[in-house]
1. Provide a single number: the residues in the range 77-98 that are more than 17 Å from S163 (Cβ to Cβ) and either open to solvent by 30 Å² or more (accessible area, probe 1.4 Å) or in a loop (DSSP other than H, G, I, E, B) (or both).
2. Residue check: is V58 farther than 30 Å from P132 by Cα and surrounded by 15 or more Cβ atoms within 10 Å (Cβ to Cβ)?
3. Criterion first (touching a residue at least 60 places away in the same chain (Cβ under 8 Å) and surrounded by 14 or more Cβ atoms within 10 Å (Cβ to Cβ)) does Q52 satisfy it?
4. Can you pull out every residue in the range 169-194 that is of a type outside the set (V, I, T) and within 13 Å of the chain's Cα centre (by Cα)?
5. Just name the residue that is modelled with the highest pLDDT out of those in the range 138-180 that are hydrophobic (A, V, I, L, M, F, W, C) and touching a Lys or Arg at 6+ places or on another chain (Cβ under 9 Å).
6. Would you mind stating whether F228 is open to solvent by 40 Å² or more (accessible area, probe 1.4 Å) and either of a type in the set (G, A, S) or at pLDDT 85 or above (or both)?
7. Using the structure shown, decide if T220 is over 25 Å from G26 (Cβ atoms), among the polar types (S, T, N, Q), at pLDDT 85 or above and open to solvent by 30 Å² or more (accessible area, probe 1.4 Å).
8. Name the strands (runs of 3 or more DSSP E) wholly within the range 102-212 that hold at least 1 residues that are touching a helix residue (DSSP H, G or I) at 6+ places or on another chain (Cβ under 8 Å) and touching a residue at least 12 places away in the same chain (Cβ under 8 Å)?
Amino acid sequence: MEQKDAKTQITKTQLKALYLDTVVAGTETTSTTIEWVMTELMQHPKIMKRVQAELDQVVGTNNTVEESHLPKLHYLDAVVKETLRLHPVAPFLIPHSPSSSCEIGGYIIPKGSTVFCNVWAMQRDPEAWNDPLRFQPERVLNAESVKTFDYNGKNFGYLPFGSGRRIYAGIPLAEGMLMFVLASLLHSFNWGLPKDTKLDDTETFGLALKKSTSLVVISTPRVVKNDFWALLKNGGELLFIF
């Protein structure tokens, strides 16, 4: 903008749009994934207990979650990765457009076409996954699955963040934020559905894969670390709407 070069100049409107896209893409996708993780844990309480047992072992019952704990939370990492397999936050990734006409699988893709990649279907493909509709974090812990479940986009059966030059640039931040928020919530609280509430796990398709209805859960404190937790320790509850 200072150089006033017509070839490279960015207007204030364009800058605002760029910052808006960055903030929205970085916050909405994270909160949506957290909601899906909590939804799966509500459906699988044994898995949630195993996550909390790992947190008690790594973090302890008298400490708070810190960034240094995250690399040791292998089972929680498996839960996040399995959630992203079943519920990729961007089910069609971002639109792509070929710079030249090409042929893929016998189909001609014209130059300038808008191309969507259906990773939601790819990550549920029975030819690529055993029992694909089952939420099974243990499949991530298999030694042979380490490369299968990385976020580098090399395995076309698992592309939650895309692949190639258009892969999501904020993977380290997204991974760290997801793990830290979930670890803090699951370490500090026990979680359950309100009485006589039926869990709704239906999806609403769009650029982001969201739940049809917001997840409503009740938390009760697990560990007492400060005055806030002390106020709730005698049967207190908090209602969370994700």
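The values are calculated or read from the model by the stated rules, or taken from the named source; none is laboratory data. As the structure is a computational prediction, the values presented were derived from the model and not from experiment. Cβ sites come from the backbone with ideal geometry, for glycine too, and all protein chains shown count toward neighbours. Just so you know, the surface numbers come from the protein's heavy atoms only, side chains and all, with ligands and any DNA or RNA stripped out. Shrake-Rupley method; radii C 1.70, N 1.55, O 1.52, S 1.80 Å.
1. So the answer is 2.
2. Yes, satisfied.
3. Yes; evaluated as a whole, the condition is true for this residue.
4. G170, P172, L173, A174, E175, G176, M177, L178, M179, F180, L182
5. Checking each candidate, the answer is V140.
6. no
7. yes
8. By residue number, 189-192.
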